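Notes follow once the structure below has been shown.
Read-outs throughout are calculated quantities, based only on the coordinates presented, and are distinct from any laboratory measurement. If you're wondering where the values come from, they're calculated on a predicted model, not measured in any experiment. Glycine also receives a Cβ, built like all others from the backbone with ideal geometry; neighbour counts cover every protein chain displayed.
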Amino acid sequence: MLFSVSESVKTIKPYEAGKPLSEVEREYGITNAVKLASNENPFGCSPKVGQAVLASLSGMNRYPEPVPFTLCQKLAEKYHVRMDNLVIGNGSDDIIALLAHGFLDPGQEAVMPLPSFLMYEISVKTAKGVPVMVPLKDFTTNLDGLVKAVTPKTKLVFVTNPFNPTGAAITRDEFLWFADQLPDNVLIVVDEAYIEFSRHDSVYQSLDEPLTDPRIVTLRTFSKAYGLAGFRIGYGVMDKSVAEILNRIRQPFNVNTLAQVAAQAALEDTDFLEKTIAGTHRGIDFLTLKLAEQGFEVLPTQANFLMVDVKTNSRDICEKLLRKGVVVRSLASYGYDNFLRINAGTDLENQKCMDALISVSGK
Ligand SMILES: Cc1ncc(COP(=O)(O)O)c(C=O)c1O
C-alpha cells in the first residue's frame, strides 16, 4: 500500500471476536441461536441497570463525567482503596492499552503467557513494545517461565487469573512467590476479568490484599459477572502513581455516561451477582459432567467457561455446531487444534449445546 504502516503494527493479527448472534442467524438462516463463545453473561444484567440507564437518558446532551465520581466512590469503598487508586476504562481492554502506552518505550518488553488474551499482544505492539511470550505448562500459567523471561528491558508482566482460555487459576501462595521474584521496576498486571466465578479459597484475589505493593495493577471488568459487555466498562486498581499516568493519557471522556450509570447500578445489585455466579457454576457442572459422559476431556476451570478436548478438528466441529445454531469458540487459532472453549449458558442453552455437540460428533 501507499502508506507505510508501522513495522510493529504489521505483525498484529486481527482480533477474532466471536460472531454476533444476529450475524450467525443471518448467515445460516436460523433463529434462536445460542452463543457460548465470548464468555458473556447469559442471564442478562441486573434489572436495576435498565431503570438507571433510562433515568439518565435526559442528560445525554452533556459530556460524561471525566471521572465517574459515584462509581469510583463505591469501588473505593468496596475494595478499601482511595479514589486515586482507580482508573475506569472503556472496558478493561482500554486499560490494557493505556498500560502499554504509558509504560513502554519502543523496543521495551512485556512478558505474557502464550497463548494469552489477544489484546495484551495487540496493545503492546501498538505501543511499539515487544511481547515476550512464555508457553503454558500443562495448561496453566508458567510462573517460573515468566520470571525467567524478564530482562532489563521488561517493563510489564501480564498474568490472567483465572486464565483465559484454560480456566486454570493461580493460588495466593504461587502469586506471592512469583511477585517476590520480579524486580521492583516491573509492573505486574493481574487481569481478573473472571475472578468473581472462582470457587476455591486458595485462588489469589489481589483485591483481598491491602494495596501495599506499587507494582501490582489489578484489572476487573463489568463485562462478565455483571453482564454489561455491551456497555463497555472495566476498571483498574493500582498505586496512585501508576493511576496518575493512565489518567493523564486516557481520553478525557473514555467511559460514556450510560456505561457509568449502568456500572453503578450493577455494583449495587449483589443479589443479581450472586444469582449469576450460582447459575454459572450450575452450568459449568452440567457441561463438565455431560462432556465427560461423552468421553471428552474437560480441563478443570475456575472461570465461567471451560476448555474441552473434542479429539477432532475443533474448527470443523464449530462449523457444524453453527449450522445447528450453537456458537462456541474453536481454540485452533490458539494452537489447540482439537479444543473448544465453551462458556456456561442458561440451563436451556447448555442443554441445546450438548444436544448439538452429541449430534455433530456422531456420539
Ligand atoms: C482475560 C480477559 N481480559 C480482559 C477482557 C476484556 O474485557 P472488557 O470487556 O472489560 O474489555 C477479556 C474479554 O473477554 C478477557 O477474556
In which sequence would THR218, THR312 go, from the one with the fewest C-beta neighbours within 10 Å to the one with the most?
-> THR312, THR218
Sequence-distant lysines (8 or more away, or on other chains) whose Cα lies within less than 21 Å of LYS224 | LYS19, LYS35, LYS48, LYS74, LYS78, LYS275
Where the only charges are on Cβ atoms (+1 Lys, Arg; -1 Asp, Glu), what is the dipole of region 48-269 about its Cα centre, to the nearest 20 debye?
-> 640
Net charge of neighbours whose Cβ lies under 11 Å from the Cβ of TYR15, counting Lys and Arg as +1 and Asp and Glu as -1 = -2
Residues ILE195, ILE216 arranged by fewest to most Cβ contacts within 10 Å = ILE216, ILE195
Any idea what the relative contact order of region 48-269 is, in percent, if you count C-alpha pairs under 8 Å spaced at least 6 apart?
-> 29
Count neighbours as other Cβ atoms within 10 Å of each site's Cβ, and list the trypsin sites (Lys or Arg not before Pro) in region 92-161 that are DSSP loop with at most 16 such neighbours.
-> LYS153
Taking every DSSP bridge whose two residues both lie in the chain, the antiparallel percent to the nearest 5 is 50
Looking at region 23-123, which trypsin sites (Lys or Arg not before Pro) are in a loop (DSSP not H, G, I, E or B) and have at most 13 other Cβ atoms within 10 Å?
-> ARG62, ARG82
If LEU75, LEU207 are placed from fewest to most neighbouring beta carbons inside 10 Å, the sequence is LEU207, LEU75
Long-range amide H partners of PHE305, meaning residues 5 or more apart or on another chain whose placed amide H is closer than 5 Å, are ALA344
Rounded to the nearest 20 Debye, what is the dipole magnitude of region 60-143 about its Cα centre when Lys and Arg each give +1 and Asp and Glu each give -1 at the C-beta?
-> 140
GNM, the chain, Cα, under 10 Å: largest mean-square fluctuation among ASN185, ASN41, ASN304?
-> ASN185
Starting from the Cα of LYS153, draw a straight line to each of the lysines and keep only those under 20 Å, dropping any in the same chain fewer than 8 residues away.
-> LYS125, LYS128
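Explain nothing, just the number: dipole magnitude of region 1-89 about its Cα centre with +1 on each Lys and Arg Cβ and -1 on each Asp and Glu Cβ, in debye rounded to the nearest 20.
Dipole magnitude for region 1-89 comes out near 180 debye.
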Can you grab the distance from the C-alpha centre of region 286-336 to the C-alpha centre of region 155-228, Å, no decimals?
-> 25
